[in-house]
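For reference, the structure is listed below as structure tokens.
Every number here is computed from the coordinates shown, using simple stated rules; none is lab data. Just so it is clear, the model here is predicted, and its values are computed rather than measured. So basically every Cβ, Gly included, is an ideal-geometry build from the backbone, and we count neighbours across all protein chains shown.
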């Protein structure tokens, strides 16, 4: 039995003593004694050195950089990068750190070795009194603080920036993901592109020690603008930082949309063969480069494809007072509760030390990062860009893919990528309201919109959509001879005989549903429909070597009333296509796909007219 243990655990024993149990035992005891002696000496040395600093983890990383989120709110409504599409519930204000608590915690960290503080959000400029708060933090220089930075979207910054600098702000990171004002309005659901650029100009002419521009690169959205941002460094003393798309709860992260920094660099080297490596700051997350003759520089933050965990020196304090030792680690410890329960600074820092010593050597790979229990980025305190946060009570419906319906006309002022992804103007697809019209904020309940004061006007709406069908179904609905159709012709004859004319019956179904829209959609008003024109057409399209068969439906609805008929047109198309499905399911139930149901035209009403090109 002992020999088996030796063979599995003491493989370094000389072969000549393996068969001699007493000698093997003495050898093991000798090794164990030496090991214990070595460990004892290590402990003795550590005791002479004293306890480890509270902000040093078990891998020897000293954390001298604290990011403090001042608020979860934002004055933009971006949802693609760090914001769940359904919004987030904001933390009640009494649960957020007060200015006094922020300063007290910051002082504790500075006394333990933090030399740099960065204020984040949400959008830090949304917090009242931020100018005075920076002034109070600046007083911590006497305890060793060297710099105070801020990450901002720049929307409300240009007027206040000079005062921020006077009160001690030394570094500024602006977040801007496009140079196209139309695309900016679509992505942010707010205007303000010009305000961001104005803030950038003021920052570059100020006494700030550093001005950086953060750009989150997302494939097929803004990656084609990377060279345009690099060109900004030609005459501006600025550092552009290209950041890999990172996963957080609810932000629709997709590995296919993440462009590795190595790919970006390779593409830029083809365009700028003289690119050279620039010196990186100590513990900097970006790997920097510059082009000879250009004033500024650019860099890559490769959090996903090539992490920099070994040199991480950052800790994060959320707006509600939770300490996070890693951006991608869902574990949190509440320092706010310790402060409010009357604990001393020493006790608070002991708690921080325990959290820091629990920090892992590196975060999980991009495939394993925990996005189920970790916070959305907006509730952490964004290290790269400020985005939006709004509660479920005031969020407005907004879908990026819907707004990406393209116009065939190229936008000459946009980048190549813009003409491929966002070729229509933002005004055409921008939301008309910032709140849900069918939702009462005061009662938190659904409601029917009051249209009593609206004038009755002539209103029209046209909706369209289609259903993909296999050839066997196409031959049936297009009146083809069943005898010439592949498959069971007798089955097709039977299906046609039982169900009748598929398109004619579906047309009637759509018209009837249109007139019953108010009965089907709970909060729709009953309207006096004056005309319904609904058509269904069997179509064939050549897709290279194959053909695509479908039934296209279009419904034009008119009325004279106080509200529009978009819902009536959409209902007509939807039910007509559902009826096609029902009548063809016996021969094509597994292969049909309903797609592209949209409002293509609208006229009348306060919101004006529009016509959307079909795709």
Original post:
Once label points are set 7 Å from the Cα along Cα→Cβ at both residue 331 and residue 146, what is their separation, rounded to one decimal in nm?
Top reply: 2.9 nm
Original post:
Where does each of 200, 577 land when they are ranked from fewest to most other beta-carbon atoms within 10 angstrom?
Top reply: 200, 577
Original post:
Based on DSSP, what percent of beta bridges with both residues in region 65-379 are antiparallel, to the nearest 5?
Top reply: 25 percent
Subject >> Whole-number percent relative contact order across region 65-215, with pairs defined as alpha carbons under 8 Å at least 6 apart >> reply: 25 percent
Subject >> Point-to-point label distance, residue 360-residue 578, nm (Cα→Cβ direction, 7 Å offset) >> reply: 4.5 nm
Subject >> Computed lengthening from residue 310 to residue 132, 0.36 nm per intervening residue step minus Cα-Cα distance >> reply: 60.5 nm
Subject >> Between region 512-529 and region 130-156, the alpha-carbon center distance in angstrom >> reply: 57 Å
Subject >> Ranked list, fewest to most other Cβ atoms within 10 Å of each Cβ, for 150, 108 >> reply: 108, 150
Subject >> Ranked by how many other beta carbons lie within 10 Å on average, peptides 346-359, 115-128 from highest >> reply: 115-128, 346-359
**OP:** Just report the Cα centroid separation between region 555-578 and region 539-554, whole Å.
**Re:** 25 Å
**OP:** Round to the nearest 0.05 the FRET efficiency obtained for residue 191 and residue 104 when R0 = 35 Å and r is the Cβ-Cβ distance.
**Re:** 0.35
Subject >> Highest average packing first - 558-564, 62-68, Cβ atoms within 10 Å >> reply: 62-68, 558-564
